[in-house]
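We did not get these values from a lab; they are worked out from the coordinates using the rules stated. These figures come from a predicted structure and were not determined experimentally. A quick note on method: Cβ atoms are made from the backbone with ideal geometry, for glycine too, and the neighbour counts reach across all protein chains shown.
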Amino acid sequence: MSSAQNDHAMGSQIRKHEGGGEQAAPERALPLAAVEGIDVSGHQGNVDWPAYWGQGKRFAYVKATEGTTYRSPYFAQQYNGSYDVGMIRGAYHFALPDVSSGAEQANYFVDHGGGWSPDGKTLPGALDMEYNPYGDTCYGHDPGSMTAWIKDFSDTYFARTGRYPVIYTSTSWWNQCTGGDFGATSPLWIARYADSPGALPAGWGFHTFWQYSSSPIDQNSFNGAYEQLQALATG
């Protein structure tokens, strides 16, 4: 399945429910060390990677899959193109926790581009947990069952790759839909379209990535120096 209605970009539902993101990148209070990057999906089509490299973007996350039926038709161009231009890159999966198990979706993700290799240029895959684009905010789960679903995905991804996934979410959605604590295993990628990451979801003391704008493309900052980004990729 590769139709546009099944292609939900990272943060698309957070912007819909929480607002923000469409304005120009806000003035941000950045840490002393930070690395700039972007994330892309099928909506961007073939990406001009040299242009983004020229803008100082040094990492990218690329949508690979959604649920167990959607694969991005532009994944290869985006994933390989970002790597070829010199970026550290990773893949992400848009979760649909009401259609199949966490394990099934983790396996589908790994089988279609979401794996990891210790080449120093590949980030662990990211699990995109956000508002349901098709219905109930929490996909029909209570916090306990949602936590179990995420753990099923996370443990399966670890078993397949040797790495735990990065978890992308917003504080509002996370605290509403899941009570799980994944701070000891999964790096946090926080979505907040403002001048700071703000309060973080329960379980994390700091963020690793911050998606701070979607204009003119999803823009992200890594919370650390380039060498630390390399270390996250290397494992």
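Can you give the longest stretch of the chain with no exposed loop site, where a site means GluC sites (Glu not before Pro) in a DSSP loop (not H, G, I, E or B) with at most 14 other C-beta atoms within 10 Å?
With GluC sites (Glu not before Pro) excluded where exposed in loops, the chain gives 28-235 as its longest stretch.
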Take the Cα atoms of segment 64-171, build their convex hull, and give its volume per residue in Å³.
-> 100
Excluding same-chain residues fewer than 8 positions from Lys121, which aspartates and glutamates have a Cα within less than 18 Å of its Cα?
-> Glu36, Asp39, Asp84, Glu227
Taking the convex hull of the alpha carbon atoms in segment 125-203, what volume per residue do you get, in Å³?
-> 94
Structure-based [θ]222 nm, the chain - -39500 (n - 2.57) summed over DSSP H runs of at least 4, per residue, nearest 500 = -8000 deg cm²/dmol
Note: segment 82-235, point scatterers on Cα, Debye, no solvent; log10 I/I(0) at q = 0.11, 0.14, 0.15 Å⁻¹ equals -0.41, -0.67, -0.78
